[in-house]
């Protein structure tokens, strides 16, 4: 009702409504905190009754609450752009790779399609061309072709001329997913995980792979958490997470052709009725 309601026309009434809505927000936040505490306590009691080891009790509770609140389950600091630029200006002393996903039109032409820097986010096309030029001038640049469907931006495959298959597949999944695939989590990818667990017969393949942060990958192993793969409405790779309470949350990989729009849409996946 509130989302569909309009505001009053009188200036004084608008101020009164703002004051009333603020009181409503405070009351809702207080109740939300109390319900979250009750939920945490009840889940831990149930875990004790189910014989869950003490060091595993409570795993996944914060993630369930974060998903319900549509917040990032785990917040992390982003890589600053200065660090990316420095990596392109000087030869690294160790083995360092910075993945810059950019369309051929933006790299070789004057198209303004934004690029995507792995671990950072969208960057302007001019900056991406500058990074590639600097890395190429220093003898550090390697181009790998990522093939996608033009209409949907779904990642199809990648050339395998630079790495052996296992590492190449992991690299392709990182390029496709960009950030942790758990809804509302924008943490960098740290683990390449099976959507359907390998112990349950899940294949080590592009279709059954997903990029997750460390915390979300551990949460996925908690009691009564389930994930299944699917093809999203746009035709891109997707998955559905079912929490122990039966609530379902769907997300899908961003389109590779438009990184800026992809980052925005992927950060706000939709919730499904449980």
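A few points about this structure:
- Within segment 177-202, tally of residues that are surrounded by 18 or more Cβ atoms within 10 Å (Cβ to Cβ), over 19 Å from residue 236 (Cβ atoms) and out of contact with any helix residue (DSSP H, G or I) (no Cβ under 9 Å at 6 or more places or on another chain): 1
- Residue 199 being over 10 Å from the mean Cα position of the chain (by Cα) and in a loop (DSSP other than H, G, I, E, B): no
- Scan of segment 203-228 for residues that are crowded, with 16+ Cβ neighbours inside 10 Å, in contact with a strand residue (DSSP E or B) (Cβ under 8 Å, 6 or more places away or on another chain) and more than 25 Å from residue 118 (Cα to Cα), ordered by number: 225
Where a number appears in this text, it was derived from the coordinates with a stated rule and is not lab data. In this text, all values refer to a predicted model and were calculated from it rather than measured experimentally. Note that each Cβ is placed from the backbone with ideal geometry, even for glycine, and that neighbours are counted across all protein chains shown.
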